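Peer 1: Encoded as structure tokens, here's the structure I'll be asking about.
The values are calculated or read from the model by the stated rules, or taken from the named source; none is laboratory data. Everything quoted here is computed from the prediction, not taken from an experiment. When we count neighbours, we look across all protein chains shown, and the Cβ atoms used for this are built from the backbone with ideal geometry, even at glycine.
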2 protein chains.
Amino acid sequence: MTEQSDIPRKRGRPRKPRPADAAGTERLPRAGLHERAARQLRSMIVTGKLPGGAPIVEAELCEVLGISRTPLREAVKMLAAQGLVELRPNRSARVAPMDASHVTDLFEALGNVERIAAEYAALRLTATELSSLRQMQETMERYYGEGDLAAYFAVNQAIHSAILAGARNATLVEMHRWLFARAERARYFALGRHARWVESIQEHRDILAALEAREPETAGRLLAAHVMHTGTGVLALLAASAVAGDAA
Amino acid sequence: MTEQSDIPRKRGRPRKPRPADAAGTERLPRAGLHERAARQLRSMIVTGKLPGGAPIVEAELCEVLGISRTPLREAVKMLAAQGLVELRPNRSARVAPMDASHVTDLFEALGNVERIAAEYAALRLTATELSSLRQMQETMERYYGEGDLAAYFAVNQAIHSAILAGARNATLVEMHRWLFARAERARYFALGRHARWVESIQEHRDILAALEAREPETAGRLLAAHVMHTGTGVLALLAASAVAGDAA
DNA sequence: AGTAAATTGTATTCAACATACAAAAAATTG
DNA sequence: CAATTTTTTGTATGTTGAATACAATTTACT
């Protein structure tokens, strides 16, 4: 029995004399090295700087990131648990390859996760959140009209996140993030190329309408279809560029 | 100032010249230590040996598992990425606590993932797999009749896995494993206590029937409900035992 | 093949940080 | 004003964070 005192007394040294907090440039000095390494690595993978199938040589990346092998290793293990890299015993870990079947599976799963979310969101979104969504939709359409790709994408992503949040299920959100990290990498391919925006905008309109009408099934079905459309687009592009770089 | 070469210190690993596969049940000598450590840790967490909220003191666990801190640390990072433990900067990592809202979310998500799987499985399962499922069902019912708890559970789990596999989507399977690890822990509570087996058996029968009839919606709906029933059972038990051990 | 180089796996060491305990200074009260 | 309580400060200790050294394995080279 480890009985502890019921009364939380103020103990120990109250506060450090505040080491001036290193004002300015440092935002997150409280983040561990492995955390930062993981972020940077993920970014490298998503942007294709580390292409699918590329070996992760520890010494090399240590040089690049300016850290030692220990935190890098931990970061790699985390990314492996997230499915972004593959570890093989006694061999270099590799960036998880993006073959066709993988992409198919991924977007099928992602689409259905968003379907679930939309179904719950249609029932659980507040009126305030709905109007916020509508505003996002308008913003997105404006950016579309202006041809601002980056802004369009950002708002698009925000809308999807808002729907997920509206489902009121933290686990679902986690799951979505988990899949999204991988999908983002695939989507990075299709960044400027597929001009499917017109349809995409219309799909978003329909989804929003279904949410506002509180029709779970419709909203879910439409959102799933929307995501899978994106998937097939990426897939086509992947097949087109599969002629060149390929590592079995 | 890392220079200190007067005295030749013992570095490297003079301690365990031959671990000789230390603890008895060794299955995969080809697996790295971090891999095994992760497995053992997960097992400890699932079985409640490391209860929710318990601090993970590295030195302690190193002693227990007979390894050094480096692989243990890697294992902890992996489990953290899987959501089984929480890391806090410069503090002991903790086993992820199991509060009510967490359990609710978890089983809601898990139920819906299985719903998706069942929908696809109803369309994609082969006749062979279906008959295999039916055989499992009969086996499970037999174990139920004999009161063999462990065997019943094992077959039950196998059925769920078979349905997932029948969906023909590797990502979905991964996602399921991801959630299942956590659900298993929650389920471990309810192991001998809730005698909901009768209903559970019947639910399984209905699900199987829907799969055989190739009715995706029905199969999905039933399976989701089945999983969520389990969830509410666990939830009730959790609430009942929340009176005792609680750490804010 | 066989041997050497490179790379991963693991253990240990050192440093940074946080907490707990103890002591001293300040404030309050008889 | 002395005694006690409260607040602050100092120090010790344990734990995590990160880097390096050594061992084992794989890959490259001839």
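Peer 1: Taking A:Val57, is it within 11 Å of chain B (Cβ to nearest Cβ) and near DNA strand C (Cβ under 10 Å from one of its atoms)?
Peer 2: Against the criterion (within 11 Å of chain B (Cβ to nearest Cβ) and near DNA strand C (Cβ under 10 Å from one of its atoms)), A:Val57 does not qualify.
Peer 1: Show the residue pairs that are 6+ apart or on different chains and have beta-carbon atoms under 7 Å apart, the first residue being within segment A:42-64 and within 13 Å of A:Ala93 (Cβ to Cβ), the second being in a helix (DSSP H, G or I) and more than 16 Å from DNA strand D (Cβ to nearest atom).
Peer 2: A:Ile45/A:Arg185; A:Leu50/A:Met44
Peer 1: Give just the number: which of (1) in the same structural domain as B:Ala236 (by TED's automatic domain parsing); (2) more than 26 Å from B:Ala190 (Cβ to Cβ) does B:Thr70 not satisfy?
Peer 2: Condition (1) is where B:Thr70 drops out.
Peer 1: Exactly one of these conditions fails for B:Val155: (1) away from every other protein chain (no Cβ under 11 Å); (2) in contact (Cβ under 8 Å) with a residue 24 or more places away in the chain; (3) within 21 Å of the chain's Cα centre (by Cα). Give me its number.
Peer 2: Among (1) away from every other protein chain (no Cβ under 11 Å); (2) in contact (Cβ under 8 Å) with a residue 24 or more places away in the chain; (3) within 21 Å of the chain's Cα centre (by Cα), the lone unmet condition for B:Val155 is (2).
One line per residue, one yes/no per condition, for (1) away from DNA strand D (no atom under 16 Å from the Cβ); (2) touching a Gly at 6+ places or on another chain (Cβ under 6 Å):
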{"site": "B:Leu79", "(1), (2)": "no, no"}
{"site": "B:Arg88", "(1), (2)": "no, no"}
{"site": "B:Ala93", "(1), (2)": "no, no"}
{"site": "B:Pro97", "(1), (2)": "yes, yes"}
{"site": "B:His102", "(1), (2)": "yes, no"}
{"site": "B:Leu106", "(1), (2)": "yes, no"}
{"site": "B:Ala109", "(1), (2)": "yes, no"}
{"site": "B:Glu114", "(1), (2)": "yes, no"}
{"site": "B:Ala117", "(1), (2)": "yes, no"}
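Peer 1: So which residues in segment A:195-234 are β-branched (Val, Ile, Thr) and within 21 Å of A:Gly145 (Cα to Cα)?
Peer 2: Quick first cut of segment A:195-234, residues β-branched (Val, Ile, Thr) only: A:198, A:201, A:207, A:218, A:227, A:230, A:232, A:234.
Across segment A:195-234, the qualifying residues are A:Val198, A:Ile201, A:Ile207, A:Thr230.
Peer 1: For the structure I just gave you, tell me whether A:Gly83 is of a type outside the set (Ser, Thr, Tyr) and within 10 Å of another protein chain (Cβ to nearest Cβ). Steps first, answer last, please.
Peer 2: Details: of a type outside the set (Ser, Thr, Tyr): yes; within 10 Å of another protein chain (Cβ to nearest Cβ): yes.
When the stated conditions are applied, A:Gly83 passes them.
Peer 1: Moving to a separate point now. Which one of B:Ala183, B:Ala210 is buried (at least 19 other Cβ atoms within 10 Å of the Cβ) and within 19 Å of the chain's Cα centre (by Cα)?
Peer 2: Working: B:Ala210 fails: within 19 Å of the chain's Cα centre (by Cα).
Exactly one of B:Ala183, B:Ala210 is buried (at least 19 other Cβ atoms within 10 Å of the Cβ) and within 19 Å of the chain's Cα centre (by Cα), namely B:Ala183.
Peer 1: Would you mind stating whether A:Glu74 is acidic (Asp, Glu) and away from chain B (no Cβ under 12 Å)?
Peer 2: Working: acidic (Asp, Glu): yes; away from chain B (no Cβ under 12 Å): no.
When the stated conditions are applied, A:Glu74 does not pass them.
Peer 1: Sticking with this structure for a sec: Within segment B:34-65, count every residue that is over 20 Å from B:Met98 (Cα atoms) and within 12 Å of DNA strand D (Cβ to nearest atom).
Peer 2: Result for segment B:34-65: 6.
Peer 1: Would you please name the residue that is farthest from A:Arg182 (Cα to Cα), looking only at residues in segment A:36-54 that are basic (Lys, Arg) and within 14 Å of another protein chain (Cβ to nearest Cβ)?
Peer 2: A:Arg36
Peer 1: A further question on this structure: If the requirement is being under 30 Å from A:His102 (Cβ atoms), part of a helix (DSSP H, G or I) and not assigned by TED's automatic domain parsing to the domain that holds B:Gly48, which of these qualifies: B:Ala225, B:Ala158, B:Ala186?
Peer 2: On the way: B:Ala225 fails: under 30 Å from A:His102 (Cβ atoms); B:Ala186 fails: under 30 Å from A:His102 (Cβ atoms).
When all the criteria are applied, what remains is B:Ala158.
Peer 1: One residue is enough: does segment B:66-77 have a residue meeting the conditions surrounded by 13 or more Cβ atoms within 10 Å (Cβ to Cβ), hydrophobic (A, V, I, L, M, F, W, C), away from DNA strand D (no atom under 11 Å from the Cβ) and at pLDDT below 95?
Peer 2: Taking every residue of segment B:66-77 in turn, at least one turns out to be surrounded by 13 or more Cβ atoms within 10 Å (Cβ to Cβ), hydrophobic (A, V, I, L, M, F, W, C), away from DNA strand D (no atom under 11 Å from the Cβ) and at pLDDT below 95.
Peer 1: Also, quick follow-up: Among the residues of segment B:174-224, how many are small (Gly, Ala, Ser), modelled with pLDDT of 95 or more and either touching a Lys or Arg at 6+ places or on another chain (Cβ under 7 Å) or farther than 17 Å from B:Met136 by Cβ (or both)?
Peer 2: Applying the first criterion (small (Gly, Ala, Ser)) to segment B:174-224 yields B:181, B:183, B:186, B:190, B:192, B:195, B:200, B:209-210, B:213, B:219-220, B:224.
Those still in the list that are modelled with pLDDT of 95 or more too: B:209-210, B:213, B:219-220, B:224.
Subset that is either touching a Lys or Arg at 6+ places or on another chain (Cβ under 7 Å) or farther than 17 Å from B:Met136 by Cβ (or both): B:213, B:220, B:224.
Result for segment B:174-224: 3.
Peer 1: Same structure, new question: Can you tell which of A:Ala165, A:Ala118 is touching a Leu at 6+ places or on another chain (Cβ under 8 Å) and surrounded by 15 or more Cβ atoms within 10 Å (Cβ to Cβ)? Let's see the steps before the verdict.
Peer 2: Details: A:Ala165 fails: touching a Leu at 6+ places or on another chain (Cβ under 8 Å).
After applying the criteria, what remains is A:Ala118.
Peer 1: So B:Arg69 fits all but one of (1) more than 12 Å from chain A (Cβ to nearest Cβ); (2) in contact with an Asp or Glu (Cβ under 6 Å, 6 or more places away or on another chain); what number is the exception?
Peer 2: (1)
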